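Report on one structure; see the data block that follows.
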Amino acid sequence: MRSLPAAVLVGGRALADLVLPRICGGCGVPGAVLCGSCRRLLTRPRLAQPRRHPPGFPPTVAAGAYAGPVRPAVLAFKEHGRAELAGPLGTALALAVAAVLDGLPEPRGRPGPVLLVPVPSSAAAVRHRGRDHVRELADVASAELRAAGVPARTARLLGRVSGRRVRDSAGLDVLERRANLAGRFRALPPRTALPQGSRLVLVDDVVTSGATLTEAARALRAAPDVSCPRADTPVLAAVVAATPRRVRQPLPVTGPGAFTVRG
Ligand SMILES: [Zn+2]
């Protein structure tokens with residue numbers, strides 16, 4: 001069977017939205033794209049703490065835990081074509097961005113723009129899904145932040161290095177994931193020079209081992225347009241949800257403002 005063009009698939013999804021009853025992407029109750037109680041699970045920003053904190057892992061805030069109804073909601077958005085979940089999940093991402101920015105020291109002078117840098121999916125994944133779901137989240141989050149008075153916009157500053165196959169990371173430990181991803185991303189030159197005082201926030205849907213964000217941050221920090229002449233441009237990260245660590249005792253509560261980013 002010939003594969004359908006992405007526009008037809010997207011149109012089909014929009015039609016399905018009209019015809020099918022709307023149910024919560026998290027818990028399945030009818031009525032809303034994401035019900036109130038599932039939304040509330042994504043209003044609990046926390047510092048992501050991967051089990052084996054990879055060196056170079058950027059300060060990262062998640063809007064909630066990747067557990068319970070949050071998992072099916074993210075998967076419905078990412079893998080099952082429920083693009084309308086970009087609204088509530090993008091709003092959650094905006095909250096995480098705002099929280100991670102709280103950890104920065106007070107800027108000297110006027111703060112620059114907040115640039116949301118989507119972690120790029122592979123070309124094959126974008127073709128398969130017919131859309132770039134992280135870019136959609138970044139666009140919603142940017143709009144939410146602007147509505148709240150934060151000068152934010154989506155900036156495509158990262159691409160994938162083509163011609164290099166990456167294994168599916170499922171089942172790999174953190175060191176294997178890092179090796180698998182090394183050299184995977186490349187910085188794209190910004191359309192215009194980054195304004196003074198720019199703050200870069202990598203955005204992604206979920207963080208688990210931290211390997212992807214670490215590699216993305218490394219590529220961004222190494223980019224001449226980012227690191228020179230302003231080596232102090234901070235690189236932070238925000239995600240919708242973080243895979244919780246399996247610990248018996250809850251970790252001491254550390255608010256997102258409890259860390260300091262050094263340039
Ligand atoms: Zn729900």
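Of the residues making up the stretch 141-157, those that are buried (at least 22 other Cβ atoms within 10 Å of the Cβ) and part of a helix (DSSP H, G or I) number 3.
Could you tell me which of the residues LEU104, LEU75 is part of a helix (DSSP H, G or I) and not aromatic (Phe, Trp, Tyr)? I'd like the intermediate steps shown before the answer.
Values: LEU104 fails: part of a helix (DSSP H, G or I).
Within the list LEU104, LEU75, the selection yields LEU75.
Scan the stretch 17-73 for residues that are surrounded by 20 or more Cβ atoms within 10 Å (Cβ to Cβ) and among the polar types (S, T, N, Q) and the total you get is 1. The residue pairs whose first member lies in the stretch 119-137 and is closer than 17 Å to VAL97 by Cα, whose second member is assigned to a loop (DSSP other than H, G, I, E, B), and whose beta carbons are closer than 6 Å, counting only pairs six or more residues apart or on different chains, are VAL134/VAL119. The residue pairs whose first member lies in the stretch 66-82 and is closer than 19 Å to ALA96 by Cβ and away from the ligand (no atom under 13 Å from the Cβ), whose second member is charged (D, E, K, R) and assigned to a helix (DSSP H, G or I), and whose beta carbons are closer than 9 Å, counting only pairs six or more residues apart or on different chains, are PHE77/GLU84; PHE77/GLU136; LYS78/ARG129. Regarding GLY183, is this residue modelled with pLDDT of 65 or more, surrounded by 16 or more Cβ atoms within 10 Å (Cβ to Cβ) and at positive phi? Here the answer is no, as GLY183 does not meet what is asked.
The single condition among (1) more than 15 Å from the ligand (Cβ to nearest atom); (2) of a type outside the set (D, E, K, R); (3) free of Cβ contacts under 8 Å to residues at least 60 places away in the same chain that PHE57 does not meet is (3).
Here SER3, SER37 are screened, and the one residue that is at pLDDT below 95 and small (Gly, Ala, Ser) is SER3.
The values are calculated or read from the model by the stated rules, or taken from the named source; none is laboratory data. Nothing here was measured: the structure is a model prediction, and the numbers come from that model. Don't worry about glycine lacking a Cβ; one is built from the backbone with ideal geometry, like all the others, and counts go over all protein chains shown.
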